[in-house]
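Below is one structure, written out as structure tokens; the observations come after it.
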Amino acid sequence: MKTIHKIIAFVAVAALLIAIAVATSIWSFRQIEQVAAARQHAHLVINSANDLLSTLKDAETGQRGYLLTGDEAFLQPYLVAHDNLGGNLKELRQFTLINAAQQHLDRVAPLINAKMAEMAHLIELRRNKGLDSASAEVRKGQGKQLMDSIRTEMGEFTKLEETALAQKDAALQSNMHRMFNIIILASVLSVLFALAFIYLIYRQSQQKLKNLVHLETKHLLEIQEETNKQLQQTNYTLQDSEEKLAVTLNSIGDAVITIDAEARVTLLNPLAEQLTGWSRAEAAGRPIGEVFPIINKETRLAATIPVMETLAKGTIQGLANHTVLIARDGSECDIADSCAPIRNRDGQVIGAVLVFRNVSDEYVVQQTLRDSATQIQTILNTVADGIITLHARDGSIETINPPAQRMFGYSAEELTGLNFSQLIPELDQEQRNGSLKHYSASDEARAIGVGREVIGWRKDSSPFPLEITVSEMWLGGERYFTCILRDISARKQAEEALAKAGALQSAIFNSANFSSIATDAKGVIQIFNVGAER
């Protein structure tokens, strides 16, 4: 309890001293502010007086230039002084706070007016009577006397203001010194009381610290025991993760090689061992180029392993197509791979993982598909019928073979994307409904090559008869129509010719007494005229 009472007493005394120091500092600071404001005002008055005298001097200089040259441009300073001197003198009267200085301003005002009038008189003489008259007036010396009187009065005015400014500077320095001493004293007292307070707190805290040491030691032992358990559990978890990672690497369908920052092998999974011919133990620590030699399949030149690019830039890299891996025993296989960086917690690249797989069988399948597609396209290009594939959703043409191009007179570029109804307008309505069932061939018709008849329109706007057979198919989740078209213009012409021949024969039979008509073994028509026999 005694210690607490001492602490309270120290705090109370310290608070009182601090309050006194703060109050004194505030009072000194306000004194400094007032003196600084007065000092600034004195500077303003002196600068204004100097500006007024400078303006008058500039006016006199400009007036002399005009008297000598007669150039009106020299009168610009005079005109400025004529417009502003009255206002400047009025402002200067308002600024100055010294009575003696005010008296000098009272005496200088008529002198300035007389000087301005004298300059105006000389300017008029120069304008009206020339340089000689103006020069004679200048030589009388009235202007010089006025200017000397003005300088004398303004000099006395400035001395008074500068004396006042010096007094304010001295007061400012005194206040600053007093405030500095107060700050030093307050700082020393604060430090002393702070040290005493710290010492009391230190003595009180020592006993508390001794009491806490035992508890803290016990607590630390408990924490250490708990940390050991967590480390043990983390070790088990890490071992389990490593086992799972090993199982994963061993079971995935791709070969995996990991590399350190020096591009040396650190790990191979079984498939990587199989494709490279290197075991994990043999490959460990070897450069990746030795374990993973690759070449370009076409040029047989060494290919660049993407590991170095990944380690340098920290980006994912991939192999170019047609890359061949040469195994340790000299066997070869086509591969596709990618390489990704391995980073630490700070984001720095500390290695890379190379994932690759054998794509030899895929290349064989792809080549077979390409050969099959080429064969199908060759067949489509050589058949006599036109074949067009179009989207069911909007009727736009997707593909067209050369016979169909020749049939309609368009190029493939012109027809691709064109609406099918522009070639066969009568299909427009069914095409909009997303159906061409009316023009789909039945199984029997498809078997004998017969389709529906429609009218097509060539590029030159000429119509021609067509036979169309439509089939529906789905590709990539989208619905398409395949249309097989056959130009039947020649057949229609032959049918019309046969129809005309049949009509002619009927007319002949009906106008004569023919009893029968037949053909001989060579197909020659034999007519038997019964009437003639009669």
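The values are calculated or read from the model by the stated rules, or taken from the named source; none is laboratory data. No experiment lies behind these values; they were computed from the predicted model shown. Glycine also receives a Cβ, built like all others from the backbone with ideal geometry; neighbour counts cover every protein chain displayed. With ligands, DNA and RNA removed, areas are computed over all heavy atoms of the protein, side chains included. Shrake-Rupley method; radii C 1.70, N 1.55, O 1.52, S 1.80 Å.
Details
- Ordered from highest to lowest accessible area with the whole protein assembly present and a 1.4 Å probe, TYR199, TYR410, TYR78 read as TYR199, TYR410, TYR78.
- Amide H contacts of TRP278 (H built 1.01 Å from N, under 5 Å, at least 5 apart or other chain): ARG328
- 5 angstrom amide H check on GLY318, placed H, neighbours 5+ away: CYS339
- Ordered from highest to lowest accessible area with the whole protein assembly present and a 1.4 Å probe, TRP278, TRP457 read as TRP457, TRP278.
- Under-5 Å amide H pairs with LEU354, H placed in peptide plane, nonlocal only: ILE257, THR258, ILE259
- Solvent-accessible ranking of SER461, SER174, largest area first, probe 1.4 Å: SER461, SER174
- Ligands, DNA and RNA excluded, the heavy atoms of GLU472 present near 110 Å² of accessible surface to a 1.4 Å solvent probe.
- Within the shell defined by Cβ-Cβ distances under 13 Å, the residues around GLN31 carry a net charge of +3, with Lys and Arg each +1 and Asp and Glu each -1.
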